[in-house]
Amino acid sequence: MDILKITTVEMHTAGEPLRIVTSGLPVIAGNTILEKIRYLRENHDDIRKLIMLEPRGHSDMFGVYLIDADIPGAEFGCIFIHNEGYSTMCGHAVISLGRYAIDYGIIQQPTSPETRVLMQCPCGPVEAFVEYKDGRTGNVRFKSVPSFLYMKDVSVELPDIGEVFVDICYGGAFYAFIEDYKLGMSLKTSSVKDLTNGAAMITESLKKSLKLTHPDSSDLAFLYGTIIVNSLEEDEMATLCVFADRQVDRSPCGSGCSARMAQLFSKGLVKINEARTIRGAVGSKFVARVVEQTKYGHHDAVIVEVSGKGHYLGKSVFTNEDDDVIGKGFLLR
């Protein structure tokens, strides 16, 4: 009987899981990272389902395949996977992968007090800086691809709520942003179920009508999810990101933080190098700041730095017998 075997290192960043595949992947065809994603989607999506979905995962599992980079200077490439498919960017993964790259020898000569790790994400190169002292890794900060406010005050009609307005912002992935009170909810008191339903309704409605474009590739031009935020008048910024197939980010969402800071900067609500602490769904926090202005295609964009820390959970060896149909992956909700 044939048995598939996949090994992983398990981490989390601010509560959001990261399953790093260390062996068991097939040869992935393609000259670029986007071509490799298309190849995986069309030929080996069974592996994603096997390790993301039940019984080995769950509806909110997140993972990454590490591949050879196809851009100069990058140490490795990242193919991010989740309950629905493949992501263009993931900040929480970058933070954990910064530590992993040093601790598992991808970076063979780390430097103190920080070690630079350049990763290739589907959206482009992402530069991470990992605290390194006395042979130990610590916090990680990363500078993502250019982020920008794509469109503001987009109308969305929601059942039982009526018309609401959202901003569409990019931080390596496209998100719709809405303040919680506009949905008649509160990030402090409303249930995660209600917040998730509200965010998912926005995403599902916009996907039917909103046409997005991206400066580099049409493969990156899709709405990844909706992020509910609190009012800036509150003491601390808070967020809940719902992406893919109603998947809820436990962390403050690194790419979402980049998009959020781009939104605020474009409206004059934050300044260069003004740090903002952003709280996620489980109370964990990232610190974000706009560090540079730039242009991205015809967009006025910014470079955002996001910092946090990933932690190790253990290692896994996953197998699947060839006659185990259920074990190939399912979701029960």
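The values are calculated or read from the model by the stated rules, or taken from the named source; none is laboratory data. The structure displayed is predicted, hence computed values, not measured ones. No Cβ is skipped: glycine too gets one built from the backbone with ideal geometry, and neighbour counts run over all protein chains shown. Surface accessibility is based on the protein's heavy atoms, side chains included, excluding ligands, DNA and RNA. Shrake-Rupley method; radii C 1.70, N 1.55, O 1.52, S 1.80 Å.
Can you give me the distance in nm between label points at residue 60 and residue 232, each placed 7 Å from the Cα along the Cα-to-Cβ direction?
2.9 nm
Rank these residues by their accessible area, most exposed first, probe 1.4 Å: 134, 323. Numbers along the way, then the final one.
Details: 134 140, 323 100 Å².
Heavy-atom accessible area, descending, gives 134, 323.
From largest to smallest, what semi-axes in whole angstrom does region 91-163 give when each is the square root of 5 times an eigenvalue of its alpha carbon gyration tensor?
Working: eigenvalues 281, 33, 21 Å².
Semi-axes from the Cα gyration tensor: 38, 13, 10 Å.
Determine the order of 289, 99 by accessible area, beginning with the largest, at a probe radius of 1.4 Å. Numbers along the way, then the final one.
Values: 289 70, 99 30 Å².
Per-residue accessible area, sorted high to low, gives 289, 99.
Considering every pair of different Cα atoms, what Kirkwood radius, in Å, is found for region 175-271?
Values: mean 1/r = 0.0711 Å⁻¹.
Hydrodynamic radius (Kirkwood, Cα pairs) of region 175-271 is 14.1 Å.
How big is the dipole moment of region 149-243 about its Cα centre under a simple scheme where the beta carbon of each Lys and Arg is +1, that of each Asp and Glu is -1, and everything else is neutral? Debye, nearest 20, please. Let's see the in-between values first.
Values: 7 positive and 15 negative charges, 74 e Å.
With Lys and Arg at +1 and Asp and Glu at -1, about 360 debye.
Using a 1.4 angstrom probe on heavy atoms only, work out the carbon and sulfur share of the accessible area of region 1-56 in %.
On the way: 1230 of 2530 Å².
Carbon and sulfur atoms account for 48 percent of the accessible area of region 1-56.
In a GNM of the chain with a 10 Å cut-off on Cα contacts, which of 277, 111, 203 has the highest mean-square fluctuation?
111
Given bins 10 angstrom wide, list per bin the percent of all Cα-Cα distances in region 224-291, short to long.
Percent of pairs per bin, in order: 21, 57, 21, 1.
How big is the equivalent ellipsoid of region 37-175 along its three axes, where each semi-axis is √(5λ) from the Cα gyration tensor, reported in whole Å from largest to smallest?
Ellipsoid half-lengths, sorted descending, are 31, 21, 15 Å.
Take the alpha-carbon centre of region 6-55, take the same for region 71-104, and report the distance between them in whole Å.
One Cα centre to the other: 11 Å.
The chain: D in µm²/s via Stokes-Einstein (Kirkwood Rh, Cα pairs, 25 °C, 0.890 mPa s)? Show your work: numbers first, answer last.
Values: Rh = 20.1 Å.
D = 122 µm²/s.
Where Lys and Arg each count +1 and Asp and Glu each count -1, what net charge lies around residue 66 among other residues with Cβ under 12 Å from its Cβ?
Numbers: positive: 19, 36; negative: 68, 75.
Combined, the nearby Lys, Arg, Asp and Glu give 0.
Compute the length gained on full extension between residue 209 and residue 160: take 0.36 nm times their separation in residues and subtract their Cα-Cα distance, giving the result in nm to one decimal. Numbers along the way, then the final one.
Numbers: separation 49, 0.36 × 49 = 17.64 nm, distance 1.96 nm.
The residue 209-residue 160 span can extend by a further 15.7 nm.
Could you provide, to the nearest whole Å², the per residue accessible area of the chain with probe 1.4 Å? Don't skip to the end; give the middle numbers.
Details: 14460 Å² over 333 residues.
With the other protein chains kept in place, the chain gives 43 Å² per residue.
For labels at residue 275 and residue 312 in the simple 7 Å Cα→Cβ model, what's the distance in nm?
2.8 nm
Write down the radius of gyration of region 26-87 and its Dmax, each obtained from C-alpha positions, in Å.
Taking only Cα atoms of region 26-87, I get Rg and Dmax of 12.0, 39 Å.
Give me the percent relative contact order of region 94-221, please, defined on Cα pairs under 8 angstrom at least 6 residues apart. Each step should come with its number before you reach the end.
Working: 172 pairs, mean separation 19.2, N = 128.
Relative contact order, region 94-221: 15 percent.
Relative contact order for the chain using alpha-carbon pairs under 8 Å, separation at least 6, rounded to a whole percent? Don't skip to the answer; put the middle values down first.
Details: 790 pairs, mean separation 73.5, N = 333.
Over the chain, the number comes to 22 percent.
To the nearest 10 Å², what's residue 56's accessible area with a 1.4 Å probe?
40 Å²
Note down the net charge around residue 149, summing +1 for each Lys or Arg and -1 for each Asp or Glu among other residues with Cβ under 9 Å from its Cβ. Before the final figure, lay out each step's value.
Values: positive: 152, 267; negative: 167, 300.
Around residue 149, the surrounding residues sum to 0.
With the crude spin-label approximation of a point 7 Å out along Cα→Cβ, what separation in nm comes out for residue 39 versus residue 218?
Label-label distance for residue 39 and residue 218, simple model: 2.2 nm.
How much solvent-accessible surface does residue 123 expose, in Å² to the nearest 10, with a 1.4 Å probe and all protein chains in place?
Probe radius 1.4 Å; accessible area of residue 123 about 10 Å².
So what is Rg over Rh here for region 201-333, counting just Cα atoms and using Kirkwood for Rh? Don't skip to the end; give the middle numbers.
On the way: Rg = 18.4 Å, Rh = 17.5 Å.
In region 201-333, Rg relative to Rh is 1.05.
What cysteines in the chain have no other cysteine with a beta carbon less than 4.7 Å from their beta carbon?
78, 90, 121, 123, 169, 257
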